[in-house]
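Asks: One structure follows; several queries about it will come next.
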Amino acid sequence: MSPSPPSGEARFSKGYEPADVERRWRDFWEEGRSFSPDASLLSGAEPFSIVIPPPNITGNLHMGHALNLTLQDILCRHFRQMGRQVLWVPGEDHAGIATQNVVERRLAQEGKTRHDLGREEFLARVWSWKEEYGNNIRRQIKALGASVDWSRERFTLDEGLSRAVRRVFVRLYNEGLIYRGRYIINWCHRCHTALADDEVEFAPQKTFLWHIRYPLEDGSGALVIATTRPETLLGDSAVAVHPEDGRYARLIGSRVRLPLVDRLIPVIGDSYVDREFGTGALKVTPCHDFNDWNLGQKHGLDFIQILDDEGRTNANAGPFAGLSGEEARRRVVAALEERGLLKKVEDYENNVGHCYRCRSLVEPLVSEQWFVAVRALAARAREAVPAQTRIFPESWGKTYYAWLDNIRDWCISRQIWWGHRIPAWTCGGCGKLLVLEEAPQRCPDCGHASLAQEEDVLDTWFSSALWPFSTLGWPDETPELARFYPTSVLVTGFDILFFWVARMMMLGLHFMDRAPFRHVYLHALVRDAKGRKMSKSEGNAIDPLEMIQKYGTDSLRFTLAAFAAMGRDIRLSEERIEGYRHFMNKIWNASRFSLLNLEASPPDPVDFAAVPGLHHRWILHRLEELKETQAAALPEYRFNDAAQALYVFFWSDFCDWYLECVKPDMRAGEPLRTQARFVLWTVLREAMILLHPFIPFLTSEIWSLLPGAGRDLSSEAFPPLRPACRDAARAGRMAMIQEVIAAARTIRAELGIAPSLRLAAMIRPRDEAARAVLEEQRPLILALARLESLDFDPGSVPRFSAAHMACGNEIIVVLAGAVDQAAEILRLGRELAKLDKERALLQGKLANPGYERKAPPEVVRRDRARVEELLKAEERLKALRDRFAD
RNA sequence: AGGCGCGUAGCUCAGGGGUAGAGCACUUCCUUGACACGGAAGGGGUCAGCAGUUCAAAGCUGCUCGUGCCUACCA
């Protein structure tokens, strides 16, 4: 069955028009549930499974998604052809903070905040956003032609996945791997929530380094510290110096008087302090700096919090209480200056953290949060690479290890509403903390019924971390889980190696006892023409949908595949997409030509290994090589190699040569025509199969028009290998014919002879073997070089003629008299210079004493033969030139 | 500060020990019954620089210069 086509001429227009074709095939694939492995048949063929990196529901797909989906789709379609049972699970991510921000921004336009609506109504608003944008994203995944199994689509907040999240949370809690406590964390004042370490992005900022005097307790002077955050001195509880710093060592154990606050704080020694930086003395504010927090723990210092979760000073700030951070800084600096405690102020540039979702300033804050103790999980995730999971390209392994080796506990609670609410309740009676999968009715200890659930939700990445098994049905023991876990490969950008990949590794290993993927393929980031990361906010994004509209999905897909060389970023250029649209058109027209020369039913079979035509044997040989390249490249994620091989095969070999060779056959009688039809049909047919994973729409359309095509192409198997068609010797003979034809064309072009003019030509073969081949292929040479006649072994070369060498064969074109002889002499001179240069290079190489001894024999033989050939060619060309010069 | 990567044709990029490739752009000719989104023939490159390894280096090694990214506790 095929989609209902428009009939007749419209179906095979002169140029390929993707829009209509794509729409029809999209509908067809969707209706047919073509890509849904039957659950009752989950056995037999070896499985191949991928879980989609779920796009956020915050907006539209960008070019990174287009790349990601294209590469996965190529793999899925390829392995389907290879007979594997393929499952590609689609889905979307609820993207906690990001989505909440988007919806809050929309509310702000109505002049409301989420607090005006209340939790329940706000969540209803987010859900309706999700419906709208979830559909949008689904449409776009379909637009790209992704062969996902929509019947198994999941959403990180759907009922099943929520159950998985609660199960995981409770288990980890009971195992002591999740805990709650007051710690210093990253706090985004704008999003009003905690962030994990990797959700903070650092950016340089111009600021000042304030040098402040802290008077010694005994009044004998002052210790000068340098800081970028003078206002936090209100919460200082020590000054730290390096224990071996000659300037300060004697002060360790003494005390200094904290300016403005007048509190006595100790001077401590710690080798953490960098003697070179600033004054070599460091103020320690355990509640407002990560390092100071560590020092505070280590040295048992006081923890004095002076800023609240709004970033405003609290009662601990004494006279400076109730101010914004900025205002507090201004006033503290002014007060210090007034008292003569500000020694100097330097310009300074430092790195400050920003929220990866809203870009606003992130500051350390001490608060009560939930954490995952990751050390043990991380160790296991580290061990699993490469034992269970191979990373491509391999070099990313180092980065993966480094991150896991230095990992800190993962802060998983977020003070927002959109997400998985933490399944923990506090009993209003006895205060007991209950961590349970389902809401309890009453406290098991005291029987009290007033139980308050945690307000916080989980980090979005917590639910994403379960994706490879939660989407397959876990915690239920589903057939899908048994069959498709671990998945075959995760295809994703390296930018979420830590956020996502490492965490899936940790939780997958912990809960499934197996790493979630056999391979992780990290592809490039798509950047703009200037090499910047494409992003909506920067306004430099190339919209994939716009490209699809302009050039067609297949053009975009093929471009992305051709660009997807491992370990390198992609700078997408629209010109390149346009270039590959031309390729699509070429495929379309070559098929159009083929179909015009085929009949309604498949041609009668011919024994491939016995077809007489050299061009047939050659193209069949090249086809075998192409199959080999593709079958080798795709399992190694060398998409660009496969794409390039397809391009060269189809355009250079098939269109430029084979089709031209076949044209005379089609005008000839039997059996030539039948043979040509069968080989042409076979090659085109198999080329469509090989191209299909890259450009599914165009190939499906052509397939549906091919005689005897049968079912839809997406369920067609990889073409059978034909070892008997591999014939490098014959392919080499064809190469010689091609060169001879090119030689005649070169003469024609360079001497400006009209293409319409049929020329008489002569040929002096290199040797007897070459003579046999050339004589046999005389009709082909006549046709493609547009010759009137081709004589072998002319007794004498006519006075008006031009010559060119091809693989040691001398091609002589007889000119019609009125030809510029001087031009030919010049041309021969250029040709000679070229040959001479090459020969000199080779002879130099051969003259090297070690060469013959150490180089592989076939290389030496080849070079020798080439020199011979060059010498002969030069000799002949010189003779001709001399004669013309007379 | 460490780690990773990149510097190849005018531009965007493949390739990778044994005669330099693609797309776009450029020159000339061609509407030859698939395709002008095309065909044919060309021009254009000391493959960043230097030194090594090798019979042979654009490729491997080291250093230098330029450039990009990631990680990190420089107040």
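Values quoted throughout were computed directly from the atomic coordinates according to the rules given, and no laboratory measurement underlies them. These numbers were taken from a predicted model, which means no experiment stands behind them. A quick note on method: Cβ atoms are made from the backbone with ideal geometry, for glycine too, and the neighbour counts reach across all protein chains shown.
Asks: Rounding to the nearest 10 and keeping the result within 0 to 90°, find how far the Cα-based axis of helix A:119-143 lies from the longest principal axis of chain A.
Replies: Between helix and principal axis, roughly 10 degrees.
Asks: Using 0.36 nm times the number of residues separating A:Trp150 and A:Arg673, minus their current alpha carbon distance, what extension gain do you get?
Replies: Full-extension gain reported as 183.7 nm.
Asks: For A:Leu846, put the label point 7 Å out on the Cα→Cβ axis and report which residues of the stretch A:707-739 keep their amide N under 15 Å from it.
Replies: none
Asks: When the Cα centres of the stretch A:541-581 and the stretch A:469-499 are compared, how far apart do they sit, in Å?
Replies: 28 Å
Asks: Still on this model: What whole number of Å gives the distance from the Cα centroid of the stretch A:78-92 to the Cα centroid of the stretch A:582-637?
Replies: 26 Å
Asks: Here's a follow-up. Using the Cα centre of the stretch A:305-346 as origin and beta-carbon charges of +1 (Lys, Arg) and -1 (Asp, Glu), tell me which of A:Leu341, A:Gly322, A:Leu307 is placed farthest towards the positive end of the dipole.
Replies: A:Leu341
Asks: Right, another one. Which Cα, out of A:Asn640, A:Leu832, A:His115, lies furthest along the positive dipole direction of chain A (beta carbon charges, K/R +1, D/E -1)?
Replies: A:Leu832
Asks: Here's a follow-up. Between the helical axis of A:574-596 and the dominant principal axis of chain A, each derived from Cα atoms, what acute angle in degrees is found, rounded to the nearest 10?
Replies: Taking the Cα atoms of chain A, the angle to A:574-596 is about 40 degrees.
Asks: In percent, what relative contact order does the stretch A:426-517 have, based on Cα pairs under 8 Å that are 6 or more apart in sequence?
Replies: 24 percent
Asks: Ranking A:Trp618, A:Trp127 by Cβ neighbours within 10 Å, fewest first, what do you get?
Replies: A:Trp127, A:Trp618
Asks: Further question on the same structure: If the chain between A:Arg883 and A:Glu858 were fully stretched, how many nm would it gain, using 0.36 nm times the residue separation less the Cα-Cα distance?
Replies: Between A:Arg883 and A:Glu858, full extension yields 5.2 nm more.
Asks: Something else now. Applying a 10 Å radius around every beta-carbon, put A:424-434, A:510-520, A:282-292 in order of their mean neighbour count, most first.
Replies: By packing density, highest mean first, the sequence is A:282-292, A:510-520, A:424-434.
Asks: Calculate the spin-label point distance for A:Val352 paired with A:Phe290, positioning each point 7 Å from the Cα along the beta-carbon direction, and give it in nanometres.
Replies: In this crude spin-label approximation the distance works out to 1.7 nm.
Asks: OK, next. Per 0.36 nm of contour for each residue apart, how much would the distance between A:Asn406 and A:Glu337 grow if the chain were fully extended, relative to their Cα-Cα spacing?
Replies: 20.7 nm
Asks: If you don't mind, another one. For labels at A:Asp218 and A:Leu596 in the simple 7 Å Cα→Cβ model, what's the distance in nm?
Replies: With each label point 7 Å from Cα toward Cβ, the separation is 10.4 nm.
Asks: Relative to the Cα centre, what is the charge dipole magnitude of the stretch A:170-267, using +1 at the beta carbon of each Lys and Arg, -1 at the beta carbon of each Asp and Glu, and rounding to the nearest 20 debye? The partial results should precede the final answer.
Replies: Working: 12 positive and 12 negative charges, 51 e Å.
Charge dipole, the stretch A:170-267, about its Cα centre: 240 debye, nearest 20.
Asks: Please report, in debye to the nearest 20, how large the charge dipole of chain A is about its Cα centre when each Lys and Arg carries +1 at its beta carbon and each Asp and Glu carries -1 there. Walk me through the numbers before you get to the answer.
Replies: Numbers: 115 positive and 120 negative charges, 270 e Å.
Once rounded to the nearest 20, the dipole reads 1300 debye.
Asks: How would you rank A:Cys411, A:Cys655, going from fewest to most other Cβ atoms within 10 Å of each one's own Cβ?
Replies: A:Cys655, A:Cys411
Asks: Going toward the positive end of the dipole of chain A, with +1 on Lys and Arg Cβ and -1 on Asp and Glu Cβ, which of A:Leu880, A:Tyr401, A:Thr559 do you reach last?
Replies: Of the options given, the answer is A:Leu880.
Asks: For helix A:63-81, what angle does its Cα long axis make with the longest principal axis of chain A, in degrees from 0 to 90 and rounded to 10?
Replies: It works out to around 60 degrees.
Asks: Exposure proxy check: A:Leu301, A:Leu620 ranked by fewest other beta carbons within 10 Å?
Replies: If I rank by nearby Cβ atoms, fewest first, I get A:Leu301, A:Leu620.
Asks: What are the GluC sites (Glu not before Pro) within the stretch A:108-165 that DSSP puts in a loop, where the Cβ has at most 13 other Cβ atoms within 10 Å? Please report the intermediate quantities before stating the final value.
Replies: Numbers: sites: A:Glu110, A:Glu120, A:Glu121, A:Glu131, A:Glu132, A:Glu153, A:Glu159; in loops: A:Glu110, A:Glu153.
Here the sparse-neighbourhood loop sites are A:Glu110.
Asks: Let me ask another. Normalised by the number of residues in chain A, what is the relative contact order in percent for Cα pairs under 8 Å and 6+ residues apart?
Replies: 12 percent
Asks: Quick one: of A:Lys14/A:Lys550; A:Lys298/A:Lys343; A:Lys206/A:Lys344; A:Lys586/A:Lys834; A:Lys206/A:Lys283, which pairs are farther than 25 Å apart, Cα to Cα?
Replies: A:Lys298/A:Lys343; A:Lys586/A:Lys834
Asks: Also, quick follow-up: Between the stretch A:326-390 and the stretch A:444-466, how many Å separate their Cα centres?
Replies: Each part reduced to its Cα centre gives a spacing of 27 Å.
Asks: Relative contact order for the stretch A:700-806: what is it in percent, counting Cα pairs under 8 Å that are at least 6 residues apart?
Replies: Relative contact order comes out at 29 percent.
Asks: Charges only on Cβ, +1 for Lys and Arg, -1 for Asp and Glu: so what's the dipole of the stretch A:589-645 about the Cα centre, in debye to the nearest 20?
Replies: Working: 5 positive and 8 negative charges, 38 e Å.
The calculation lands at about 180 debye.
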